[in-house]
Every structure is written in structure tokens, then in C-alpha cells.
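The values are calculated or read from the model by the stated rules, or taken from the named source; none is laboratory data. Note that the coordinates shown come from a computational prediction; the quantities given were computed from them, not determined experimentally. Note that each Cβ is placed from the backbone with ideal geometry, even for glycine, and that neighbours are counted across all protein chains shown. The protein model used for the area step is the full one, side chains on, heavy atoms only, and it has no ligands, DNA or RNA in it. Shrake-Rupley method; radii C 1.70, N 1.55, O 1.52, S 1.80 Å.
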Amino acid sequence: HVQLVESGGGSVQTGGSLRLSCAVVGYTDCNYAMSWYRQAPRKEREFVAEVQRSGGTTYADSVKGRFTISQDNAKTTVSLQMNSLKPEDTATYYCKAEDKYQLRGFCPPLWGQGTQVTVSS
């Protein structure tokens, strides 16, 4: 029943901004840490950013200083503010939810359906 719902993708010119959102929809007892990955055509999926349940964040070197990940107080929604976008940021962006400690039962990772981000030069 639980799923990740993504929104906010689109097309912008170099230097523009987009804000992606990912929501955990449906009931769950799992304590998910949420993150963003991206996959460009003919490329492997790569890590972009993660927010821990403590609020700590981790970023790929390629997006440090440009992207900001954040979550709501309920820890069921995560956003990715993307500034100073470059053509190399063009990819399908996927939200991921992962329970790292499994304290409340079996909680398999969840993936969103993906949202397209296109940055033109």
C-alpha cells in the first residue's frame, strides 16, 4: 500500500532552479531515511543526496553547494532544491526510502517512479 510519489521535474535553462518533492504515501511503521538518486540515458544510477532521520545530510561531490535536501517534521516528505543547474544534471531523478536499522519490522527499500529533469544549454 505504501508508495513514494514524486513531483517537481521539468525543463530549465543552464543556471536555473527546480525543486523536487517526494512523499511517502500510505501507512507505514518503518523509520525511513530518504535520499535522491539520478540516472542519465545510457548511464548507471548514481547517488545525489541523503537526509538521515537525525536531520544530517550527505551530498555527492557533483552537487555540493548547489543542491539542498530537506525533510518535513513527520519525516514523510523530502524535497530537493536544485540551483545553478547544469546540462550534466539532466537525468531522471528517483526518490528512495530506506530503513537502515529495521527496528519496527521488515521494511524493504522503496523507490519512486522517477521524475525527469532536463537542463538545456
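A few points about this structure:
- R19 vs. criteria assigned to a strand (DSSP E or B) and not aliphatic (A, V, I, L, M): yes
- All positions within the stretch 12-33 that are at pLDDT 95 or above and under 20 Å from F47 (Cβ atoms): L18, R19, L20, S21, C22
- If only residues of the stretch 84-111 that are over 25 Å from H1 (Cβ atoms), in contact with a strand residue (DSSP E or B) (Cβ under 7 Å, 6 or more places away or on another chain) and not in a strand (DSSP E or B) are counted, the one that is most open to solvent (accessible area, probe 1.4 Å) is K86.
- Any hit, the stretch 50-59, residues being touching a Gly at 6+ places or on another chain (Cβ under 7 Å) and of a type outside the set (A, V, I, L, M): no
- Restricting the stretch 4-45 to residues that are farther than 27 Å from G56 by Cβ and among the β-branched types (V, I, T), the residue that is surrounded by the fewest Cβ atoms within 10 Å (Cβ to Cβ): T14
- Within the stretch 112-121, considering residues that are assigned to a loop (DSSP other than H, G, I, E, B) and either open to solvent by 40 Å² or more (accessible area, probe 1.4 Å) or touching a His at 6+ places or on another chain (Cβ under 6 Å) (or both), the one modelled with the lowest pLDDT: S121
- Residue in the stretch 66-74 that is loosely packed, with under 12 Cβ neighbours inside 10 Å, out of contact with any helix residue (DSSP H, G or I) (no Cβ under 7 Å at 6 or more places or on another chain) and in contact (Cβ under 8 Å) with a residue 12 or more places away in the chain present: no
- Test: R45 is within 11 Å of the chain's Cα centre (by Cα), of a type in the set (K, R) and at pLDDT 95 or above: no
- Among the residues of the stretch 66-83, just one is of a type in the set (S, T, Y) and assigned to a loop (DSSP other than H, G, I, E, B), namely T76.
- Put simply, of V78, V51, V119 the only residue that is over 17 Å from C22 (Cβ atoms) and among the β-branched types (V, I, T) is V119.
- Counting only residues that are assigned to a strand (DSSP E or B) and surrounded by fewer than 14 Cβ atoms within 10 Å (Cβ to Cβ), the stretch 46-56 holds 1 of them.
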